[in-house]
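The values are calculated or read from the model by the stated rules, or taken from the named source; none is laboratory data. Here the structure is a predicted model, which means the values were calculated and not measured. Positions of Cβ are backbone-derived with ideal geometry, glycine not excepted, and every protein chain shown enters the neighbour counts. When the accessible area is computed, the model is the full protein with side chains, heavy atoms only, and any ligands, DNA or RNA have been set aside. Shrake-Rupley method; radii C 1.70, N 1.55, O 1.52, S 1.80 Å.
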Amino acid sequence: MKHSFIISMAASFALAACAHQNAPALIPAENFADTLDGKPVALYTLKGGDVTLQVTNFGARVVSIFTPDKDGAYEDIVVGYNNIKDYVTPPGERFFGACVGPVANRIGNARFQIDDILYSTPANDNGVNTLHGGYIGLDNVVWDVVSADESSIVLHFLHPDGLEGYPGNKDITMTYTVTPEGEFKIDYKAVTDKTTPINISNHPFFCLRGEANGTVEDYIMYIKSSSFIPIDSLSIPTGEIADVTGTPFDFRTAHAIGEMIGEDDIQLKNARGYDHNWCIDRETENDVELMCTVYDPQTGRQVDVLSDQPGIQFYSGNFFNGKSCGKYGRPLGFRSSLALETQHYPDSPNNPQFPSVLIEPGQTYTQTCIYRFSVHK
């Protein structure tokens, strides 16, 4: 036993030494030094354990996450842009690394009703539905930096009554922390002065081998879920909660993402792959629990997703086509990255059978999401 421990410790020190020799090449802070809407924008670097994360207060966006592989070599494992201009006017994907909301995911027919009042939101998705809050979502505003240190940043935004059709002044505070254990922890808190839907999420696109390097179909995935939300051809829930048993949506036993992604299944056809919400088999009502694990056998990198939310949206990067590039100038190809968004179910305001996302005055919306990084030799 003692002998095994010594070997383990020696391996750990060797990995640490190797990691030190391969320190990450950070995105330059000057690439994000700007003023937007009369507010300063900057790039902040957070560190904890073997993880280094960079975030900008424009859209509370995660710009980079550097983690070591099984040989101790660092790579940036999220897709994004390397300057503020491309986030403001994106040459491709809009939601890289962003905080999305106030209602993440989709609202069918760009409207919802609270009591007897019908609210309309922007039809920014296929000209019919609302996606991630509308044209001016939480991803497209400058957040106030309340405080920042070496391992955490506290961000604040007041989403005003009526912006993009949502009722209530929504006072939102969000804290990003990189823990000594190498976790990226997100804590959300919001209050409102009118009853309103709130369902905030975060949208990093993970590429565990680095930008444009390979396909997520090779990754091994586990999702703690026996049911998922079927969607129509415009990605709006049908209202059903379906059993995953015997379908390509059963990840209760870990297997390669690509193993069943090409099957003749109407749900896979509707999304051109996976872009669905899984209903987590929770053990408690409010505790932070493991939802999902994604592992890359080639690099040894693994990310575990933990949250107190009822659902997780897994998107397998089906609409990347190589026509735009990421921050290192490489074309972002089909299924070269994936998103794992902890949240309530899509279109919940229009589906009373789903867990409610309505927050009333006097109530407080909270959420905790943790992306826990590890490496296996």
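Below is a table of values for the structure above.
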{"read-out": "Qualifying position, being touching a residue at least 24 places away in the same chain (Cβ under 8 Å) and under 21 Å from residue 64 (Cα atoms), among 186, 172", "value": "186"}
{"read-out": "First in the range 111-134 and on the phi > 0 side of the Ramachandran plot, second anywhere and at pLDDT 95 or above and not aliphatic (A, V, I, L, M), Cβ under 6 Å, 6 or more apart", "value": "133/101; 133/102; 134/121; 134/122; 134/124; 134/164"}
{"read-out": "Some residue of the range 86-99 being over 30 Å from residue 330 (Cβ atoms), touching a Leu at 6+ places or on another chain (Cβ under 8 Å) and touching a residue at least 24 places away in the same chain (Cβ under 8 Å)", "value": "no"}
{"read-out": "Search result, residues across the range 330-349 that are in a loop (DSSP other than H, G, I, E, B) and either modelled with pLDDT under 95 or acidic (Asp, Glu) (or both)", "value": "347"}
{"read-out": "Any chance residue 269 is over 28 Å from residue 170 (Cβ atoms) and assigned to a helix (DSSP H, G or I)", "value": "yes"}
{"read-out": "Options 243, 275; residue that is among the charged types (D, E, K, R) and surrounded by fewer than 16 Cβ atoms within 10 Å (Cβ to Cβ)", "value": "243"}
{"read-out": "Selection status of residue 297, farther than 29 Å from residue 86 by Cα and not in a loop (DSSP other than H, G, I, E, B)", "value": "no"}
{"read-out": "Set 262, 258: member being modelled with pLDDT of 95 or more, more than 19 Å from residue 376 (Cα to Cα) and assigned to a helix (DSSP H, G or I)", "value": "258"}
{"read-out": "Matching strands (runs of 3 or more DSSP E) fully within the range 154-244 where at least 3 residues are at pLDDT 95 or above and out of contact with any His (no Cβ under 9 Å at 6 or more places or on another chain)", "value": "170-178, 183-192, 225-229"}
{"read-out": "Complete set of residues in the range 128-153 that are part of a loop (DSSP other than H, G, I, E, B) and open to solvent by 60 Å² or more (accessible area, probe 1.4 Å)", "value": "135, 136, 149, 150"}
{"read-out": "Residue pairs meeting the criteria (Cβ under 8 Å; at least 6 apart or on separate chains; first more than 13 Å from residue 208 (Cα to Cα) and open to solvent by 10 Å² or more (accessible area, probe 1.4 Å), in the range 328-341; second outside any loop (DSSP other than H, G, I, E, B) and charged (D, E, K, R))", "value": "328/76"}
{"read-out": "Subset of the range 245-255 (residues that are of a type outside the set (A, V, I, L, M) and in a loop (DSSP other than H, G, I, E, B))", "value": "245, 246, 247, 248, 249, 250, 251, 252, 253"}
{"read-out": "Odd one out for residue 82, checked against (1) under 23 Å from residue 336 (Cα atoms); (2) buried (at least 24 other Cβ atoms within 10 Å of the Cβ); (3) touching a Lys or Arg at 6+ places or on another chain (Cβ under 6 Å)", "value": "(2)"}
{"read-out": "First in the range 350-373 and in a loop (DSSP other than H, G, I, E, B), second anywhere and acidic (Asp, Glu) and surrounded by 13 or more Cβ atoms within 10 Å (Cβ to Cβ), Cβ under 8 Å, 6 or more apart", "value": "354/347; 361/193"}
{"read-out": "Sole exception among (1) in contact with a helix residue (DSSP H, G or I) (Cβ under 9 Å, 6 or more places away or on another chain); (2) open to solvent by less than 10 Å² (accessible area, probe 1.4 Å) for residue 356, by number", "value": "(2)"}
{"read-out": "Some residue of the range 49-71 being closer than 23 Å to residue 337 by Cβ and in contact with a His (Cβ under 8 Å, 6 or more places away or on another chain)", "value": "yes"}
{"read-out": "Of all residues making up the range 47-60, the number that are farther than 22 Å from residue 213 by Cα and surrounded by 23 or more Cβ atoms within 10 Å (Cβ to Cβ)", "value": "6"}
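A quick yes/no check of all residues on (1) open to solvent by 10 Å² or more (accessible area, probe 1.4 Å); (2) modelled with pLDDT of 95 or more; (3) assigned to a loop (DSSP other than H, G, I, E, B):
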{"residue": "20", "(1), (2), (3)": "yes, no, no"}
{"residue": "25", "(1), (2), (3)": "yes, no, yes"}
{"residue": "30", "(1), (2), (3)": "yes, yes, no"}
{"residue": "35", "(1), (2), (3)": "yes, yes, no"}
{"residue": "45", "(1), (2), (3)": "yes, yes, no"}
{"residue": "62", "(1), (2), (3)": "no, yes, no"}
{"residue": "96", "(1), (2), (3)": "no, yes, yes"}
